[in-house]
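Take this structure, written in structure tokens, and hold onto it; I'll ask about it next.
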Amino acid sequence: MNLPYSCSYTGKRSGDIPDTARPRPALIILLAISIAAACLLAPPGYASEKIPATPVEPAAVFEPWQIEGLSLALKDPDPKVRIEAIKELARSKKRSDMPSLPQLLKDENPQIRRAALTAAGGMGESSRDLVPVIMKSLTDKDPNIRYDALQALVNIGGLGPEQVKAAVPLLSDSNDKVNMAAVELISKNPEAAERLIPAIAKLLNDTNPSARSGALEVLGNLGPAGAGQSAGIAKLLNDEDVDVVMRAAAALGAFGKESTGYADELTGLLKRKNEYVRKSALKALGSIGDIPEESRRVVVELLKDKNTRVRDQAASTIGKTAIGHSGTIDAVVYLFKDLDTDARLGALAALGELGTNAQDKAPQTAELLNDPYPEVRIAAMNTLGEMGDAGRTYAPEILEQARSTNEVVRYHAIMVSKEMDVDGSGITDTLIGLLNSQYKIVRANAAMALVSIGKFTEPQSKKIVGLLKKREIKFRGTGIFIFRELGEKGRPMAPAVAVLLKDSNPAIRSAALEALGEIGPGADAQVTEIAPLLKDPDEIVRAEAAWALGQIGPSAESYIPQIAAMLKDKSEKVRINAVDALLSFGGPARKYNADVAALLNDESKRVQTITVTALGRMGASASDQATGLGEFILARNDGKPENLNSILAALEALGNMGHGASGEAAAAAETLRNKRTVIRINGRNALWKMSPLDKTSVLTILGATYKYPQESDKLRLLSHYASGGDEESETLITWIGTGAAKVPASINSKQGAELLGIYLDNWEFTEQRKNMRDDFAKRISEIAESGKWTKKDIPLLKKAEETLKSGKYESQANAVGQKIGKVQG
């Protein structure tokens with residue numbers, strides 16, 4: 001189930017150097033429940049326009065009960081629920097999981113049709129039988145549906161000429177999104193599209209600029225097959241619409257050398273004021289490759305352009321067109337003397353694009369390592385890095401930049417030097433020296449470079465281990481960071497680190513333990529040296545010893561009982577790390593699950609939350625402790641800020657335990673009425689993972705729709721899913737909750753009795769749920785009024801009347817009483 005979760009959390013990143021050595025680690029980071037954070041630092045360098053591809057979600061594999069429950073959700077009275085069910089079933093990417101898809105594509109509700117189109121497209125090739133139905137949506141009056149239909153056809157692929165032909169008129173659609181989707185569909189079916197080139201080319205003369213743009217993009221995407229329309233395309237370089245001009249340039253560029261004859265026209269665009277036109281023309285000239293000298297001269301001039309994007313594109317074009325043209329390259333180098341910083345940067349970028357083809361210009365480039373502007377020095381370093389052996393000659397001068405007062409310059413100096421020195425042997429000693437810098441960024445960059453080298457001589461290893469003995473925490477932190485990143489590759493240094501375990505300073509013993517823990521199984525030979533520190537008088541040392549043994553794993557399993565006993569240690573830090581260690585040991589430590597769970601009642605909230613998180617990480621193997629988690633949730637389901645992390649962790653834990661924790665679904669379902677949105681979201685998520693659930697739990701979920709009707713679609717979907725198709729549960733879902741079916745205006749006595757039974761049987765459940773009880777009372781009254789009752793139904797109606805009176809619903813009770821009177825005659 002795709003449940004949105006948005007929460008801000010700032011924690012340690014894997015690339016951060018810790019300033020302190022502290023107990024630990026893994027579980028503290030896991031306190032940010034359900035948060036996936038990717039914090040990436042993009043260092044300054046050459047501009048890039050590449051957008052990372054969206055990861056493709058793997059197909060879900062549904063069990064029969066899941067398909068049954070979601071299929072029933074497709075019949076829910078609330079269209080929002082049906083839409084969510086379509087989306088969820090589509091995750092399997094299997095047509096057989098949604099046999100009703102053809103009917104859904106024809107649904108009278110446009111939003112359901114849109115969801116069905118998206119689902120069909122997401123199923124790809126398996127939806128080929130739906131193509132005829134989808135094609136009909138291309139003429140829908142709703143542009144969103146036209147767009148979704150086009151996208152579905154794009155994803156299905158393999159279309160024939162007649163099917164692709166239907167998309168050609170949409171190149172001139174009034175909706176830009178539809179226009180672009182039509183371009184994509186035609187372009188992705190090239191064999192069929194090539195037969196339609198004459199029809200597409202006609203659109204080059206269309207009065208609608210969107211049609212001209214669409215036709216240009218399609219022809220460009222077809223490559224050589226579209227080159228026959230070059231003359232018509234070239235005319236559009238003078239079009240009054242800027243977008244058309246840009247696409248005309250792009251199309252000619254896509255034809256490569258075939259467009260050589262249009263280089264002059266493209267060069268003329270370089271004088272336009274519009275930066276995007278200049279950039280498009282530059283890119284096209286670069287794609288052509290062999291362009292006239294005058295064109296190259298103008299391109300060189302654009303290396304001075306004030307617009308960064310234009311300068312970068314000019315540099316790229318020089319890299320593709322100036323190879324073998326020494327005059328052009330000399331003109332680029334001449335810009336090194338320009339007083340304008342942008343010009344120098346543009347020239348360096350161009351030489352960087354030329355790479356080894358400009359290696360004879362390395363000496364002039366190296367002179368800019370002394371430029372007063374840091375961005376120029378950075379560019380010079382990067383450019384030398386692209387020049388191969390000629391640039392490598394200046395590695396010492398580049399590494400000297402690592403002593404700069406500018407942190408970005410230091411970063412690039414280290415990184416470029418590392419790239420130049422493939423095995424690292426030439427710069428390792430220098431990098432190790434930089435580990436003693438007072439600047440954190442210098443230490444971090446040097447550390448990362450050393451980690452990538454990975455192999456060290458004995459004297460070098462001694463210096464790295466020596467960081468753990470430093471007085472200042474920041475240097476010990478750098479040493480720990482290196483071992484963290486090296487992992488098992490740090491095995492050769494483990495014996496030297498273990499020597500520090502006997503140091504009189506507890507801070508140094510602690511740092512050594514952290515380092516050995518980071519080495520993990522690579523420090524298995526040091527287990528017997530670590531174990532005595534489980535009884536160290538210093539609490540941080542004891543804590544780190546437990547954690548380290550857990551990280552080392554199997555070879556330390558004999559110490560599990562001793563670590564389990566530490567769950568009762570007086571130190572909060574020790575208890576936390578003992579939990580962490582037992583978690584790391586896995587199966588062999590699971591017999592201590594109950595001992596871990598006992599900490600749910602620890603005096604420290606931090607220990608409680610860490611314990612909850614650990615139980616969750618154990619997953620199904622800790623489901624025997626679900627009862628404790630259920631009680632934990634109920635005791636803290638009050639919306640108070642101080643309980644937020646704890647309750648989120650507990651819900652995550654129950655969810656991770658899966659169906660084995662379903663006995664605590666009622667407790668988890670209570671959080672659906674919590675005033676905090678994030679708790680309700682995580683409650684739904686947990687219940688989804690714990691499903692299928694019993695009908696009482698389903699009823700509790702439905703009850704939450706009354707308090708938060710704006711979430712009823714998600715709650716009703718969850719109810720269907722949790723029911724697994726159970727008939728009694730589905731009956732409740734149909735008639736209870738916000739979005740439930742309305743009471744018919746006329747019903748026979750049998751159906752009326754069944755409906756009254758639903759509300760009367762579950763009346764007590766509504767005791768503490770006023771909105772739910774109000775709705776029950778209203779529905780009981782409506783059923784009594786709508787039913788075609790006979791005298792044999794009077795006992796049931798009287799029960800309804802008494803129930804309403806007991807709840808002090810006098811007006812509804814009177815209405816039922818009047819109905820009884822009419823039946824009695």
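Which of the residues spanning the range 530-565 are within 13 Å of residue 583 (Cα to Cα) and either at pLDDT below 95 or surrounded by 23 or more Cβ atoms within 10 Å (Cβ to Cβ) (or both)?
Matches in the range 530-565: 546, 547, 548, 549, 550, 551, 552, 563.
Out of the range 435-474, which residues are farther than 23 Å from residue 416 by Cα and in a loop (DSSP other than H, G, I, E, B)?
470, 471, 472, listed by residue number.
So is residue 338 more than 30 Å from residue 439 (Cα to Cα) and touching a residue at least 60 places away in the same chain (Cβ under 8 Å) or not? Show your work before the answer.
Working: more than 30 Å from residue 439 (Cα to Cα): yes; touching a residue at least 60 places away in the same chain (Cβ under 8 Å): no.
Here the answer is no, as residue 338 does not meet what is asked.
Another question about this same structure. For the structure I just gave you, tell me whether residue 747 is under 25 Å from residue 666 (Cβ atoms) and either without any contact (Cβ under 8 Å) to a residue 60 or more places away in the chain or more than 43 Å from the chain's Cα centre (by Cα) (or both). Lay out the reasoning, then the answer.
Numbers: under 25 Å from residue 666 (Cβ atoms): no; either without any contact (Cβ under 8 Å) to a residue 60 or more places away in the chain or more than 43 Å from the chain's Cα centre (by Cα) (or both): yes.
Judged against the criteria, residue 747 is not a match.
Assess whether residue 291 counts as being in a loop (DSSP other than H, G, I, E, B) and either of a type in the set (Lys, Arg) or over 28 Å from residue 389 (Cβ atoms) (or both).
On the way: in a loop (DSSP other than H, G, I, E, B): yes; either of a type in the set (Lys, Arg) or over 28 Å from residue 389 (Cβ atoms) (or both): yes.
In short, yes.
With respect to residue 141, is the statement that it is outside any helix (DSSP H, G or I), over 30 Å from residue 261 (Cβ atoms), of a type in the set (Lys, Arg) and at pLDDT 95 or above true? Step through it out loud before you land on a result.
On the way: outside any helix (DSSP H, G or I): yes; over 30 Å from residue 261 (Cβ atoms): yes; of a type in the set (Lys, Arg): yes; at pLDDT 95 or above: yes.
Here the answer is yes, as residue 141 does meet what is asked.
Working only within the range 718-729, note down all residues that are surrounded by fewer than 21 Cβ atoms within 10 Å (Cβ to Cβ) and either of a type in the set (A, V, I, L, M) or over 32 Å from the mean Cα position of the chain (by Cα) (or both). Talk me through it step by step, then tell me what you get.
Keep residues of the range 718-729 that are surrounded by fewer than 21 Cβ atoms within 10 Å (Cβ to Cβ), which gives 725-728.
Within the range 718-729, 726, 727, 728 qualify.
Taking the stated definitions as given, is residue 599 closer than 20 Å to residue 562 by Cβ and either within 32 Å of the chain's Cα centre (by Cα) or not basic (Lys, Arg) (or both)? Can you show your working first?
Working: closer than 20 Å to residue 562 by Cβ: yes; either within 32 Å of the chain's Cα centre (by Cα) or not basic (Lys, Arg) (or both): yes.
For residue 599, the condition - closer than 20 Å to residue 562 by Cβ and either within 32 Å of the chain's Cα centre (by Cα) or not basic (Lys, Arg) (or both) - is met.
Rundown of residues vs (1) at pLDDT below 95; (2) surrounded by fewer than 23 Cβ atoms within 10 Å (Cβ to Cβ); (3) not in a helix (DSSP H, G or I), yes/no style:
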{"site": "634", "(1), (2), (3)": "no, yes, no"}
{"site": "642", "(1), (2), (3)": "yes, yes, no"}
{"site": "651", "(1), (2), (3)": "no, no, no"}
{"site": "678", "(1), (2), (3)": "no, yes, no"}
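For the list (1) in contact with a Phe, Trp or Tyr (Cβ under 8 Å, 6 or more places away or on another chain); (2) without any contact (Cβ under 8 Å) to a residue 24 or more places away in the chain, I need the number of the one condition that residue 64 fails.
Tallying (1) in contact with a Phe, Trp or Tyr (Cβ under 8 Å, 6 or more places away or on another chain); (2) without any contact (Cβ under 8 Å) to a residue 24 or more places away in the chain, residue 64 fails exactly one: (1).
Can you confirm whether residue 534 is under 36 Å from the mean Cα position of the chain (by Cα) and in contact (Cβ under 8 Å) with a residue 24 or more places away in the chain?
Working: under 36 Å from the mean Cα position of the chain (by Cα): no; in contact (Cβ under 8 Å) with a residue 24 or more places away in the chain: yes.
Spelling it out, it is not the case that residue 534 is under 36 Å from the mean Cα position of the chain (by Cα) and in contact (Cβ under 8 Å) with a residue 24 or more places away in the chain.
State yes or no: is residue 453 modelled with pLDDT under 90 and under 35 Å from the mean Cα position of the chain (by Cα)?
Numbers: modelled with pLDDT under 90: yes; under 35 Å from the mean Cα position of the chain (by Cα): yes.
Yes, satisfied.
While we're here: Within the range 506-516, which residues are in contact (Cβ under 8 Å) with a residue 40 or more places away in the chain, crowded, with 24+ Cβ neighbours inside 10 Å, within 15 Å of residue 542 (Cβ to Cβ) and not charged (D, E, K, R)?
Passing the criteria: 510, 511, 512.
Of the residues 55, 77, 99, only one is in a loop (DSSP other than H, G, I, E, B) and at pLDDT 95 or above; which? Steps first, answer last, please.
Values: 55 fails: at pLDDT 95 or above; 77 fails: at pLDDT 95 or above.
Result: 99 is the single residue among 55, 77, 99 that is in a loop (DSSP other than H, G, I, E, B) and at pLDDT 95 or above.
Conditions (1) without any contact (Cβ under 8 Å) to a residue 60 or more places away in the chain; (2) over 19 Å from residue 526 (Cα atoms), marked per residue:
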site	(1), (2)
403	yes, yes
453	yes, yes
457	yes, yes
478	no, yes
489	yes, no
495	yes, no
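Would you point out the residue of the range 702-717, among those that are hydrophobic (A, V, I, L, M, F, W, C) and more than 28 Å from the chain's Cα centre (by Cα), that is farthest from residue 734 (Cα to Cα)? Don't jump to the end; show me each part of the working.
Filtering the range 702-717 for residues hydrophobic (A, V, I, L, M, F, W, C) gives 702, 704, 715, 717.
From what is left, the residues that are more than 28 Å from the chain's Cα centre (by Cα) are 702, 704.
Details: 702: 10, 704: 15 Å.
My answer is 704.
Which of the following residues is farther than 18 Å from residue 573 by Cβ and surrounded by fewer than 21 Cβ atoms within 10 Å (Cβ to Cβ): 606, 617?
On the way: 606 fails: farther than 18 Å from residue 573 by Cβ.
Selected residue: 617, the only one of 606, 617 that is farther than 18 Å from residue 573 by Cβ and surrounded by fewer than 21 Cβ atoms within 10 Å (Cβ to Cβ).
With the condition kept exactly as written, say whether any residue in the range 213-227 is in contact (Cβ under 8 Å) with a residue 24 or more places away in the chain, under 19 Å from residue 169 (Cα atoms) and surrounded by fewer than 22 Cβ atoms within 10 Å (Cβ to Cβ).
Our first condition is that a residue be in contact (Cβ under 8 Å) with a residue 24 or more places away in the chain; within the range 213-227, this holds for 213-227.
So of that shortlist, the ones also under 19 Å from residue 169 (Cα atoms) come out as 213-222, 226.
Retained after the next criterion (residues that are surrounded by fewer than 22 Cβ atoms within 10 Å (Cβ to Cβ)): 221.
Yes, because at least one residue in the range 213-227 is in contact (Cβ under 8 Å) with a residue 24 or more places away in the chain, under 19 Å from residue 169 (Cα atoms) and surrounded by fewer than 22 Cβ atoms within 10 Å (Cβ to Cβ).
Just for the range 243-288: of the residues that are within 38 Å of the chain's Cα centre (by Cα) and part of a loop (DSSP other than H, G, I, E, B), which one is surrounded by the most Cβ atoms within 10 Å (Cβ to Cβ)?
255
Among the candidates 324, 355, 346, which residue alone is touching a residue at least 40 places away in the same chain (Cβ under 8 Å) and of a type outside the set (Lys, Arg)? Spell out how you get there, then give the answer.
Values: 324 fails: touching a residue at least 40 places away in the same chain (Cβ under 8 Å); 355 fails: touching a residue at least 40 places away in the same chain (Cβ under 8 Å).
Selected residue: 346, the only one of 324, 355, 346 that is touching a residue at least 40 places away in the same chain (Cβ under 8 Å) and of a type outside the set (Lys, Arg).
Next up: Can you give me the number of residues within the range 490-505 that are closer than 24 Å to residue 448 by Cβ and surrounded by fewer than 20 Cβ atoms within 10 Å (Cβ to Cβ)? Spell out the reasoning first.
Going residue by residue through the range 490-505, those that are closer than 24 Å to residue 448 by Cβ are 490-494, 496-497, 500.
With the extra rule that they be surrounded by fewer than 20 Cβ atoms within 10 Å (Cβ to Cβ), the set shrinks to 491-492, 496.
The number of residues fulfilling the criteria is 3.
Would you please name the residue that is farthest from residue 597 (Cα to Cα), looking only at residues in the range 664-676 that are touching an Asp or Glu at 6+ places or on another chain (Cβ under 9 Å) and assigned to a helix (DSSP H, G or I)?
Applying the filter and picking the extreme gives 672.
The values are calculated or read from the model by the stated rules, or taken from the named source; none is laboratory data. Model, not experiment: these values are computed from the prediction. A quick note on method: Cβ atoms are made from the backbone with ideal geometry, for glycine too, and the neighbour counts reach across all protein chains shown.
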